[in-house]
Amino acid sequence: MAQVIPERMAAEIEGDFVVFVIGMRINKPWKPHKWLPVFLAMPRILKELKANPACGFLGSTSAGLLTVQYWRSFQHLEAYARSHDHEHWPAWVAFNKRTAASRGDVGIWHETYLVRAGDYEAIYSGMPRMGLGSVGDLVPASGKKESAGGRLAKQGVTP
């Protein structure tokens, strides 16, 4: 079990970064041959990414059928996604073949957010490292960092 940090902490990360949210939805649970390969692909992909820090992957947080990933840049994310030499591409091709005639059996989705340096804020209280706090630095959320507006103002952003 991850160590809980009992204080209020804020996350900070150097420079721009990307938040990539990806998930799946099992629409027809009685068709595991359609959704199980999708479900099993993500752990393999995350393991590969964690083993290769040069790819620009910073880390992730997963919750069931949803994964939030953090990347150094969109270019890093896209290079990995389109690389034929890594886990994602063959899984993506197989998914499209498997579901071409039955797109409604299992759904997948993703959202990509480009975050400029300082255009974010994050707070953790009584939590282990997670989310942005697991890939950036955790600092005490006190003084000017006590409020969300203060954390953004500290970054040079006008709330």
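Working from Cα pairs under 8 Å separated by at least six residues, relative contact order for the chain is 42 percent. About the centre of its Cα atoms, the range 1-71 shows a dipole size close to 680 debye [charges on the beta carbon of Lys, Arg (+1) and Asp, Glu (-1) only; nearest 20 debye]. Note: relative contact order over the range 39-92, using C-alpha pairs below 8 Å and six or more positions apart, is 31 percent. Which listed residue (PRO140, TYR80, THR99) has the Cα farthest towards the positive end of the charge dipole for the range 77-159, taking +1 on Lys and Arg C-beta and -1 on Asp and Glu C-beta about the Cα centre? It is PRO140, whose Cα lies furthest towards the positive end.
Given the options LEU49, LEU58, LEU40, which has the most mean-square fluctuation in a GNM of the chain, springs set between C-alpha atoms less than 10 angstrom apart? Greatest mean-square fluctuation among the candidates belongs to LEU40.
Gyration tensor over the Cα atoms of the range 1-101: the corresponding equivalent ellipsoid has semi-axes (square roots of 5 times the eigenvalues, largest first) of 28, 19, 11 Å. If exposed means no more than 13 neighbouring beta carbons inside 10 Å and the site is in a DSSP loop, what's the longest run of the chain without any exposed trypsin sites (Lys or Arg not before Pro)? With a cap of 13 other Cβ atoms within 10 Å, the longest stretch comes to 1-102. The lysines within cross-link reach of LYS34, meaning a Cα-to-Cα straight distance under 23 Å and a gap of 8 or more places when in the same chain, are LYS47, LYS97. Among GLY131, GLY149, PRO6, which residue has its Cα furthest toward the positive end of the charge dipole of the chain, with +1 on Lys/Arg Cβ and -1 on Asp/Glu Cβ? Of the listed residues, the answer is GLY131. For the range 7-36, chymotrypsin sites (Phe, Trp or Tyr not before Pro) are listed when DSSP marks them as loop and at most 14 other Cβ atoms sit within 10 Å of their Cβ; the list is TRP30.
Rounded to the nearest 20, the Cβ-based charge dipole of the range 33-159 about its Cα centre (Lys and Arg +1, Asp and Glu -1) stands at 80 debye.
The numbers here are math on the coordinates, done by the rules we state, and not lab data. Model, not experiment: these values are computed from the prediction. Because the Cβ atoms are built from the backbone with ideal geometry, glycine has one as well, and the counts that use them run over all protein chains shown.
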